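Working notes, beginning with the structure itself.
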Amino acid sequence: MREPFARFISQWRYLHFQQRMGVAVPALDDNPTFADWFARRADGMAQGEDAFSFLGQLAWPVSAEDPSIAFDRDYVAVGIMEDYQNSVRVLTAALGFTPPIATLHINRADDPHRGGDPTADFPEWREHHREAFAIEYAVYEAGRARMLEALAKLNEAQAADL
């Protein structure tokens with residue numbers, strides 16, 4: 001999982017990268033401004049039809065009433081991009097592996113081949129995003145809580161082994 005607004009901005013940048021590389025990106029065919037793209041995405045979310053939302057990638061449908069059910073079954077672990085190292089620890093423990101000593105994050109927006117992508121962070125849109133995509137935040141927080149719970153159990157078990 002990734003913090004919803006950070007994911008939104010990353011996706012905006014990535015779609016421009018794809019377009020620059022010659023990939024057809026119909027959502028950018030009319031060269032929308034960020035404000036226009038945001039409005040389209042928010043309208044789609046309000047109608048339950050945002051094809052860019054991570055909600056469609058979940059194993060089960062979720063509702064705003066109880067977003068925690070998203071991870072009640074069929075998930076070995078939930079990882080959070082903003083806590084990548086600990087997420088890898090939780091996942092490796094869930095799979096019965098020893099976690100790596102170090103975890104590298106290698107797919108970064110500042111890689112040389114990404115030159116020419118939009119770089120604006122649009123912080124003035126963060127609160128608008130939280131309002132328009134509230135269910136994404138609820139699901140993200142539920143996933144984050146599940147990861148932190150698993151991490152606490154892992155840390156307790158490792159402390160007991162010492």
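The values are calculated or read from the model by the stated rules, or taken from the named source; none is laboratory data. Values in this document were obtained by computation on a predicted structure and should not be read as measured data. Ideal geometry is used to build each Cβ from the backbone, glycine not excepted, and the neighbour counts take in all protein chains shown. Calculation scope for accessible area: heavy atoms of the full protein, side chains included, ligands and nucleic acids excluded. Shrake-Rupley method; radii C 1.70, N 1.55, O 1.52, S 1.80 Å.
Taken over the range 1-38, the criterion of being among the small types (Gly, Ala, Ser) and under 22 Å from ASP83 (Cα atoms) is satisfied by ALA6, SER10. Whenever a residue of the range 21-34 is closer than 16 Å to ILE9 by Cβ, its partners that are open to solvent by 90 Å² or more (accessible area, probe 1.4 Å), lying with C-beta atoms within less than 9 angstrom and at least six residues away or across chains, give the pairs ALA27/ARG40; ALA27/ALA51; PRO32/ARG40. Looking at the range 6-26, which of the residues that are over 19 Å from PHE122 (Cα atoms) and in contact with a Leu (Cβ under 7 Å, 6 or more places away or on another chain) is surrounded by the fewest Cβ atoms within 10 Å (Cβ to Cβ)? Filtering first and then ranking leaves VAL25. Taking the numbered list (1) under 14 Å from the mean Cα position of the chain (by Cα); (2) assigned to a loop (DSSP other than H, G, I, E, B) in turn, TYR14 passes all entries but (2).
Looking at the range 107-122, which of the residues that are modelled with pLDDT of 85 or more and under 18 Å from the mean Cα position of the chain (by Cα) is surrounded by the most Cβ atoms within 10 Å (Cβ to Cβ)? For the range 107-122, the residue satisfying everything is PHE122.
Across the range 48-70, the number of residues qualifying as part of a helix (DSSP H, G or I) and of a type in the set (Ser, Thr, Tyr) comes to 1. Please find, within the range 27-41, the residue that is farthest from TRP125 (Cα to Cα) out of those that are open to solvent by 20 Å² or more (accessible area, probe 1.4 Å) and part of a helix (DSSP H, G or I). Here the residue is ALA27. Beta carbons closer than 7 Å, at least 6 apart along the sequence or on distinct chains, pair a first residue in the range 94-106 that is at pLDDT 75 or above with a second that is part of a loop (DSSP other than H, G, I, E, B) for ALA94/VAL76; ALA94/ALA77; LEU95/VAL76. When restricted to residues that are of a type outside the set (D, E, K, R) and either in contact with a His (Cβ under 7 Å, 6 or more places away or on another chain) or open to solvent by 70 Å² or more (accessible area, probe 1.4 Å) (or both), the range 149-162 contains 3.
Within the range 121-148, residues that are within 16 Å of GLY44 (Cα to Cα) sit with their Cβ atoms under 8 Å from residues that are of a type in the set (S, T, N, Q), at 6+ positions apart or across chains, in these pairs: PHE133/SER53; ILE135/SER63; GLU136/SER53. Taking the numbered list (1) modelled with pLDDT of 90 or more; (2) touching a helix residue (DSSP H, G or I) at 6+ places or on another chain (Cβ under 7 Å); (3) of a type in the set (D, E, K, R) in turn, GLU141 passes all entries but (2).
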